[in-house]
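The structure appears below as structure tokens.
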Amino acid sequence: MNMKQRNSLPSILRSSVMLVALCSLLLAGCSTTSSNTNANAKLDELTVLLDWYPNAVHTFLYAAEANGYFEEAGLKVKLQTPADTNDAVKLVATGKADLALSYQMQVAISRAEDIPVVSLAAIVRHPLNRLFALQESGISRPRDLVGQQIGYPSIPLDEAIVNTMVEHDGGDASALHYQDIGWDLIPAMTTKRVDAIIGGYVNHEKLLLEKEGVKLVSFDPSQYGVPDYYELVLIASEDGIDKKQELYRRFIEAAAKGQQYTAEHPDEALALLLDKQEGEFPLDDDVEKQSLDILMPLMDAGGEAFGSQSSENWQSVIDWMQEHGLLKQAVAPEEAFRNL
């Protein structure tokens, strides 16, 4: 090796080092740009209607929102309270909302009226609607309602539930006395205008009545001949599923994380809801805590995926509804629900 070749080595090394350094900078720049692109990526927007004003049953949604699970799924979710509980199905069916919390039996009734909504997930997997009676009335079982005053919000479904319970218990449903009390369920019981009510929820009206010092007996419809139906479900329109199925799947996965967080950290999760609703929809902390304690086992899917639904459950519910004349036409279970 001559002197000229030897003297050129440092120059070559310096060039190599500079080249490596330049490549490193370029790669770092690319990485930063990619990171910034992901961070600034446009989120897909979804409008989700609640079934009622925000309360303990919605804790999993607010936990998913507060913990960033929706954002991680690439979603910007707008949780809205409908002006009327009956609005959710109509707004989803007409494309004015993407998703909504509704009721399994309402989905069946809607499909029987050619309203193309579909249940995507079972949120509360068992009935919340219970038959409540004043303890002092002496009613200890459904058939004891014969001859008593039963308050209800003039909904045929509620009447069918009570009739089924009484008949299953060996009573004569034709001898029942119903009194339309609208949604004044709690005042009707506290003033003793009626001896029993249907349409009140075990995680709401029951807790509020007991807080007023009213002693109740409670009957679960699924223990007296009524199918063990899904109380609360997540619905979408058929058209929405065709266009946004992937977005809806991501929403359910993020909601599942919110439910898991709620199960593992119930007090912290509930605090997220209570802090969010303070002022707009003031909630009773104690009532909502008791409510969440009641809800969690009823929302637990066990070994199944969050929100999973079965054709057997849908078939039994539809059969019962048809038997009691609650559906205008036949409804196919496989068209009423879909597991994403």
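Table for the structure above
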read-out	value
Antiparallel DSSP beta bridges within the range 129-223, as percent of all bridges there, nearest 5	60 percent
Net charge of neighbours whose Cβ lies under 13 Å from the Cβ of ALA188, counting Lys and Arg as +1 and Asp and Glu as -1	-3
Computed magnitude of the charge dipole of the range 129-223 (debye, nearest 20; Cβ of K, R +1, Cβ of D, E -1)	240 debye
Members of LYS96/LYS206; LYS78/LYS276; LYS78/LYS257; LYS192/LYS289; LYS42/LYS276; LYS90/LYS289 lying beyond 22 Å, as alpha-carbon distances in this model show	LYS96/LYS206; LYS192/LYS289; LYS42/LYS276; LYS90/LYS289
Positive dipole terminus of the chain, leading residue within VAL77, ALA269, SER137 (C-beta point charges)	VAL77
Cβ crowding within 10 Å averaged over residues, with 318-327, 91-100 ranked highest first	91-100, 318-327
Helical mean residue ellipticity (222 nm; -39500 (n - 2.57) per DSSP H run of 4+; nearest 500) of the chain	-15000 deg cm²/dmol
Dipole-positive endmost among GLY213, GLY151, ILE198 within the range 129-223 (Cβ charges, Cα centre)	GLY213
Total formal charge among the other residues, if their Cβ is under 11 angstrom from that of LYS244, Lys/Arg +1 and Asp/Glu -1	-3
Size of electric dipole in the chain: Cβ of Lys, Arg +1 and of Asp, Glu -1, about Cα centre, debye, nearest 20	2040 debye
Antiparallel DSSP beta bridges within the chain, percent to nearest 5	55 percent
For peptides 122-128, 246-252, sequence by mean Cβ density within 10 Å, most packed first	122-128, 246-252
Projected-area mean, the range 129-223, by convex hull of Cα positions, square nanometres	5.2 nm²
Two-decimal ratio, the chain, of alpha-carbon radius of gyration to 2.2 N^0.38 Å	1.38
Neighbour cut-off at most 12 other Cβ (10 Å), DSSP loop, GluC sites (Glu not before Pro), the range 78-167	GLU113
Neighbourhood charge, 12 Å Cβ-Cβ cut-off, centred on ASP286 and excluding it, Lys, Arg +1 and Asp, Glu -1	-3
Debye, to nearest 20: dipole size of the range 64-115, +1 on Lys, Arg Cβ, -1 on Asp, Glu Cβ	80 debye
DSSP H segments from the chain that extend 24 Å or more along their own axis, Cα-based, with Kyte-Doolittle mean of -1.0 or above	3-39
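Laboratory data are not the source of any read-out in this text; all were calculated from the coordinates shown. Source: prediction; values computed, not measured. FYI the Cβ positions are ideal-geometry reconstructions off the backbone, even for glycines, and counts take in every protein chain you see.
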